[in-house]
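Notes for the one structure printed next.
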There are 2 protein chains.
Amino acid sequence: MVSVAKTQLDPAVENPAVENPAEETEPVKLGRRRDHTRDPDILAAAVDVLAECGYDGMTIDMVATRAKAGKATLYRRWPSKGELVIDAVACMKNADLNLSQLPDTGTLRGDLIAMIKPHSIEDGEKKLRVIAGLMSLLAHSPELAETARVSVVEPRVTAHRFLLRRAVERGEISPSCDIDNLSTVTTAMASMRILFESKTIDREFLISLIDGVILPAAGLSPGTGTGPVAEPPAPAETAVTAR
Amino acid sequence: MVSVAKTQLDPAVENPAVENPAEETEPVKLGRRRDHTRDPDILAAAVDVLAECGYDGMTIDMVATRAKAGKATLYRRWPSKGELVIDAVACMKNADLNLSQLPDTGTLRGDLIAMIKPHSIEDGEKKLRVIAGLMSLLAHSPELAETARVSVVEPRVTAHRFLLRRAVERGEISPSCDIDNLSTVTTAMASMRILFESKTIDREFLISLIDGVILPAAGLSPGTGTGPVAEPPAPAETAVTAR
DNA sequence: TATATACGATACTGTGGAGTTCCGGATCTT
DNA sequence: AAGATCCGGAACTCCACAGTATCGTATATA
């Protein structure tokens, strides 16, 4: 169940101007052309339904109705429910976490706190609910699992890794820190909270993770302000290049 | 879908000797009696199928066949698929993590490492796969969500919390440590790894969590306990016990 | 022995949803 | 204009599965 996604990714099939000489002959283009401006609406509707009902609870009719489209329209664009879902999950990626317009406050704690934004939290919760809804498929569909990971988990972990590496370069924390694990902790703990405990993520929880886990594990003791108040039990031996 | 579980928990309905005077009249007990020694087999079969196929992929026939039982037998004992699943999830709890026969090596690191057992890892992975298979239901069934949490997450977090508290009482780590978050980190990270990354849990990963996250966050530099230390990128100044 | 229930096995019923087809109308090419 | 394809909408087919009923057999009470 659920095989390969290709729609949305191969403009040659849709664009009349492009023709692959060695490809299967795309004979002509006659009649009314497909309105691709509707694709995002349909995919967004699919994401909404996925978040609410999960994969098995979602029906094509639900998606079509919510997108104010006909069922046949959906099947004209995606060959099956599974492929529609794969595209829907993949299109969740966009979001906001652009590689390097991340906060740069000068301290790791400042950066981590600056990443706490209500919009980002809400967005993350919804995406996690989508993942939860199709989690039973992930074990049997490595492709979907990878798509989900890249869309939801990967961007957040990458952002944290970036901030941690910069803190190392800045000399704020030791290079011997376990960057890989530390950059995953917040996402893992937030996932646990949403998926298993049915709680929501709030600012207080995220700050408790920063001050109670990440910063101490990085060798920093949390200060009250934005600045680093390094006061570990053992004196830090690393080169303290205060920015 | 999926309502209340009561089977297995009310011996009065099954035991001929017990009769509730104000209850519904249990008239008599005639004919062949139900063989309750089969219950565990059926529930175990249900857990197996759940782990492999998820809730929606699981059929009653699969469970009956695997348990070498008849479909009617299952419906004689559980009124619906949903209630069977609730009981199956609840019966995963037993396991091994008895409250206080946990390791006591004298050091936090020793205790945490002593908790790493192949059997426990394998058991945890299977249970997580079960949870993954019915995760889309958890959002709509708080009862099932709580049952799952109590069966899978709660015991492990509680065990870690116990070890951390003992380390505080022992004076090994500071009472100001964020015990609640730290006792959840390992389970959260392991869940992330299995559910999102389709990786397995191994000893190396768990030790890297202990030495890279938990102990540093608790204010301990790794190497004070027994056993090998996870290899950090930078030269460790601690006693290098090359295994 | 007569009666009643549990057992595994199998056949049956009912329903919900994936996927298909057809419709009247709109939009494109030639 | 003619023909082809799109659109939203609705009716349709097909099938898998939850749940029920039945059968021959086994095990219980009275």
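Please count how many residues of region A:52-63 are crowded, with 20+ Cβ neighbours inside 10 Å and aliphatic (A, V, I, L, M).
Of region A:52-63, the ones crowded, with 20+ Cβ neighbours inside 10 Å are A:54-55, A:58, A:63.
Still in the running and aliphatic (A, V, I, L, M): A:58, A:63.
Count: 2.
With the condition kept exactly as written, say whether any residue in region B:102-117 is more than 30 Å from A:Val130 (Cβ to Cβ), in a helix (DSSP H, G or I) and among the acidic types (Asp, Glu).
At the first step, the residues of region B:102-117 found to be more than 30 Å from A:Val130 (Cβ to Cβ) are B:102-117.
Imposing the further condition that a residue be in a helix (DSSP H, G or I) reduces the set to B:108-114.
Restricting the remaining residues to those that are among the acidic types (Asp, Glu) gives B:111.
Yes, because at least one residue in region B:102-117 is more than 30 Å from A:Val130 (Cβ to Cβ), in a helix (DSSP H, G or I) and among the acidic types (Asp, Glu).
Within region B:68-97, can you find the residues that are within 7 Å of DNA strand C (Cβ to nearest atom) and of a type outside the set (D, E, K, R)? First the steps, then the outcome.
As a first pass, look at region B:68-97 and keep what is within 7 Å of DNA strand C (Cβ to nearest atom): B:68-73, B:76-77.
Across region B:68-97, the qualifying residues are B:Ala69, B:Gly70, B:Ala72, B:Thr73.
Pairs, please: C-beta under 7 Å, at least 6 apart or cross-chain, first residue farther than 16 Å from B:Leu50 by Cβ and away from chain A (no Cβ under 14 Å) and in region B:64-85, second of a type in the set (Lys, Arg) and more than 7 Å from DNA strand D (Cβ to nearest atom)?
The qualifying pairs are B:Ala69/B:Arg38.
Can we say A:Glu52 is modelled with pLDDT of 95 or more, more than 9 Å from DNA strand C (Cβ to nearest atom) and acidic (Asp, Glu)? Show your work before the answer.
Numbers: modelled with pLDDT of 95 or more: yes; more than 9 Å from DNA strand C (Cβ to nearest atom): yes; acidic (Asp, Glu): yes.
When the stated conditions are applied, A:Glu52 passes them.
Anything in region B:126-180 that is part of a helix (DSSP H, G or I), within 9 Å of another protein chain (Cβ to nearest Cβ), within 15 Å of the chain's Cα centre (by Cα) and in contact (Cβ under 8 Å) with a residue 12 or more places away in the chain? List them, or say none.
The answer is B:Arg129, B:Ile131, B:Ala132, B:Gly133, B:Ala148, B:Val152, B:Val153.
Look at region A:43-76 and say how many of its residues are in contact with a Lys or Arg (Cβ under 8 Å, 6 or more places away or on another chain) and near DNA strand D (Cβ under 8 Å from one of its atoms).
Residues flagged as in contact with a Lys or Arg (Cβ under 8 Å, 6 or more places away or on another chain) and near DNA strand D (Cβ under 8 Å from one of its atoms) within region A:43-76 amount to 5.
Being out of contact with any Cys (no Cβ under 7 Å at 6 or more places or on another chain) and under 24 Å from A:Met135 (Cα atoms): is that true of B:Lys126 here?
Numbers: out of contact with any Cys (no Cβ under 7 Å at 6 or more places or on another chain): yes; under 24 Å from A:Met135 (Cα atoms): yes.
Yes: the conditions hold for B:Lys126.
The values are calculated or read from the model by the stated rules, or taken from the named source; none is laboratory data. None of the values given here were measured: they were computed from a predicted structure. Cβ coordinates were reconstructed from backbone atoms using ideal geometry, including for glycine residues, and neighbour counts include every protein chain displayed.
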